[in-house]
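The values are calculated or read from the model by the stated rules, or taken from the named source; none is laboratory data. Because the structure is a prediction, the values reported are computed rather than measured. Note: ideal-geometry Cβ built from the backbone for every residue, glycine included; neighbour counts use all protein chains shown.
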Amino acid sequence: MSTTTSAPPHGYTPEKGRLLKRLARVEGQIRGIAGMVEDDRYCIDVLTQISAAQAALDKVALGLLDGHTRHCVMGASDAALREERADELLAAIARLMRRG
(Lines give C-alpha, C1' and ligand atoms only; values in the text may rest on other atoms or scores of the structure.)
Protein backbone atom coordinates (compact mmCIF):
# COMPACT_ATOMS: atom_id res chain seq x y z
CA MET A 1 0.00 0.00 0.00
CA SER A 2 1.46 3.34 -1.02
CA THR A 3 1.16 6.49 0.97
CA THR A 4 0.64 9.74 -0.82
CA THR A 5 2.45 12.79 0.39
CA SER A 6 0.90 16.08 -0.44
CA ALA A 7 3.06 18.85 -1.79
CA PRO A 8 3.85 21.59 0.69
CA PRO A 9 1.59 24.61 0.40
CA HIS A 10 2.78 27.58 -1.58
CA GLY A 11 3.96 30.71 0.18
CA TYR A 12 0.59 32.37 -0.40
CA THR A 13 -1.49 29.45 0.90
CA PRO A 14 -2.06 30.90 4.40
CA GLU A 15 -3.30 34.15 2.81
CA LYS A 16 -5.26 32.48 -0.01
CA GLY A 17 -8.67 33.73 1.15
CA ARG A 18 -7.51 37.33 1.44
CA LEU A 19 -5.72 37.05 -1.90
CA LEU A 20 -8.85 35.78 -3.64
CA LYS A 21 -10.96 38.58 -2.10
CA ARG A 22 -8.46 41.16 -3.28
CA LEU A 23 -8.42 39.67 -6.79
CA ALA A 24 -12.23 39.67 -6.85
CA ARG A 25 -12.12 43.37 -6.00
CA VAL A 26 -9.69 43.99 -8.85
CA GLU A 27 -11.96 42.02 -11.16
CA GLY A 28 -14.82 44.31 -10.14
CA GLN A 29 -12.65 47.36 -10.79
CA ILE A 30 -11.88 46.08 -14.29
CA ARG A 31 -15.57 45.50 -15.00
CA GLY A 32 -16.23 49.03 -13.76
CA ILE A 33 -13.60 50.42 -16.12
CA ALA A 34 -15.19 48.55 -19.03
CA GLY A 35 -18.52 50.09 -18.04
CA MET A 36 -16.94 53.53 -17.99
CA VAL A 37 -15.66 53.05 -21.52
CA GLU A 38 -19.04 51.71 -22.61
CA ASP A 39 -20.67 54.84 -21.13
CA ASP A 40 -18.15 57.14 -22.88
CA ARG A 41 -16.86 58.55 -19.59
CA TYR A 42 -14.18 61.24 -19.49
CA CYS A 43 -10.74 59.91 -20.45
CA ILE A 44 -8.97 61.09 -17.29
CA ASP A 45 -11.60 59.42 -15.10
CA VAL A 46 -11.03 56.11 -16.93
CA LEU A 47 -7.25 56.50 -16.62
CA THR A 48 -7.59 57.20 -12.90
CA GLN A 49 -9.50 53.97 -12.42
CA ILE A 50 -6.94 52.05 -14.49
CA SER A 51 -4.21 53.41 -12.24
CA ALA A 52 -6.15 52.28 -9.16
CA ALA A 53 -6.58 48.78 -10.59
CA GLN A 54 -2.87 48.58 -11.40
CA ALA A 55 -2.02 49.65 -7.85
CA ALA A 56 -4.31 46.94 -6.48
CA LEU A 57 -2.61 44.31 -8.66
CA ASP A 58 0.78 45.61 -7.53
CA LYS A 59 -0.26 44.97 -3.91
CA VAL A 60 -1.25 41.42 -4.82
CA ALA A 61 2.09 40.93 -6.59
CA LEU A 62 4.04 42.25 -3.61
CA GLY A 63 2.21 39.89 -1.31
CA LEU A 64 3.02 36.97 -3.59
CA LEU A 65 6.67 38.03 -3.77
CA ASP A 66 6.82 38.24 0.00
CA GLY A 67 5.32 34.78 0.45
CA HIS A 68 7.54 33.29 -2.24
CA THR A 69 10.66 34.82 -0.69
CA ARG A 70 9.89 33.65 2.83
CA HIS A 71 8.48 30.23 2.01
CA CYS A 72 9.87 29.03 -1.31
CA VAL A 73 13.28 30.72 -1.39
CA MET A 74 14.34 30.88 2.25
CA GLY A 75 12.54 27.62 3.05
CA ALA A 76 14.23 25.66 0.26
CA SER A 77 15.78 22.43 1.47
CA ASP A 78 19.33 23.05 0.23
CA ALA A 79 21.62 25.81 -1.02
CA ALA A 80 21.36 24.84 -4.69
CA LEU A 81 17.56 24.97 -4.59
CA ARG A 82 17.65 28.31 -2.72
CA GLU A 83 19.94 29.69 -5.43
CA GLU A 84 17.63 28.44 -8.20
CA ARG A 85 14.58 29.92 -6.52
CA ALA A 86 16.35 33.21 -5.86
CA ASP A 87 17.11 33.41 -9.59
CA GLU A 88 13.42 32.72 -10.34
CA LEU A 89 12.44 35.44 -7.90
CA LEU A 90 14.72 38.01 -9.50
CA ALA A 91 13.41 37.12 -12.96
CA ALA A 92 9.83 37.56 -11.73
CA ILE A 93 10.69 40.97 -10.26
CA ALA A 94 12.32 41.99 -13.53
CA ARG A 95 9.15 41.01 -15.44
CA LEU A 96 7.00 43.05 -13.05
CA MET A 97 9.25 46.08 -13.47
CA ARG A 98 9.25 45.93 -17.30
CA ARG A 99 5.53 46.53 -17.46
CA GLY A 100 4.35 49.44 -19.56
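For Pro9, the criteria (1) farther than 24 Å from Ala91 by Cα; (2) modelled with pLDDT under 90 hold in every case but one, which is (1). Close Cβ contacts (under 7 Å, 6 or more residues apart or on different chains) running from residues in region 71-90 that are among the acidic types (Asp, Glu) to residues that are at pLDDT 90 or above are absent. Of all residues in region 22-45, those satisfying the criterion of being surrounded by 11 or more Cβ atoms within 10 Å (Cβ to Cβ) and closer than 13 Å to Ala56 by Cβ are Arg22, Leu23, Arg25, Val26, Glu27, Gly28, Gln29, Ile30, Gly32, Ile33.
Within region 37-86, restricting attention to residues that are assigned to a helix (DSSP H, G or I), in contact with a Lys or Arg (Cβ under 8 Å, 6 or more places away or on another chain) and aliphatic (A, V, I, L, M), the residue that is farthest from Glu15 (Cα to Cα) is Val73.
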